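Worksheet: one structure, shown below.
The values are calculated or read from the model by the stated rules, or taken from the named source; none is laboratory data. Everything quoted here is computed from the prediction, not taken from an experiment. Because the Cβ atoms are built from the backbone with ideal geometry, glycine has one as well, and the counts that use them run over all protein chains shown. Protein only, heavy atoms only, side chains kept; ligands, DNA and RNA dropped before computing areas. Shrake-Rupley method; radii C 1.70, N 1.55, O 1.52, S 1.80 Å.
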Amino acid sequence: MVKDFFKFQMDYMIDFVLQQNWTDIILSTTALATTMVLHYFVRNKVHDIAVQEKLNEKGPLPDLIHRNITFPSGSGKHTDYIIRYMLSGFVLVCLIFNRFDLCIHLMKLFVILKNFRTICISVTILPDISGDGQNTWLNGGTNDLMFSGHVMLSSLLERFYVTYFVRDEVFWLPGLFNLVIIINTIVTRRHYTIDVLLAWYITYTFFELSNRIFISPPRIEFFNY
């Protein structure tokens, strides 16, 4: 029985490897890595320009939501946790159902949005809203505000869940998680309100138009497995 089990696992792994479009995987992964490195260095340059121009010393821009509603900045970490859970769940489902095509499709759309975000933060440098004066790989920087990268990713994941995973009866659930992230990002002053609204609008619109650029993968039909 043990021998049969290992034989089954070996056959599954061989089939899994042979079924993948490795050219697409390598190109998409390379594009993602290049995009992330470019974004990091551009973000650092943007922050240096903001310091030289003394943009941060003039204080944050007026924001009507921030003026009336503010939560402790430490509450913003919940945004990171929810996004990580959404991304981990997405990857796990793709692995279970052998749907690497969905991962690659997500990667392609993310790369385009991320590069567009890099352009936006380069041409419009906003004053620091956090006061931290820091730039990190995962949590962003103090001047890379236009538009929100967190909301961009969460909105993209929400669209993928609704389009490819979730049944119609619970289509609202991913949207609820995304709404929590949107509200939390604003009230904890991780971004200006306009950054969040633009991130949602740009991501949602681009996703709906992306089928004109790429061939959309089929849904995962859970009951067929």
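Tabulated values for the structure
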{"read-out": "Computed FRET value (nearest 0.05) for residue 214 with residue 116, which takes r as the C-beta separation and R₀ as 25 Å", "value": "0.95"}
{"read-out": "Per-residue SASA entry for residue 198, accessible area with 1.4 Å probe, Å² rounded to 10", "value": "60"}
{"read-out": "With DNA, RNA and ligands ignored, accessible area of residue 112 (1.4 Å probe; Å², nearest 10)", "value": "60"}
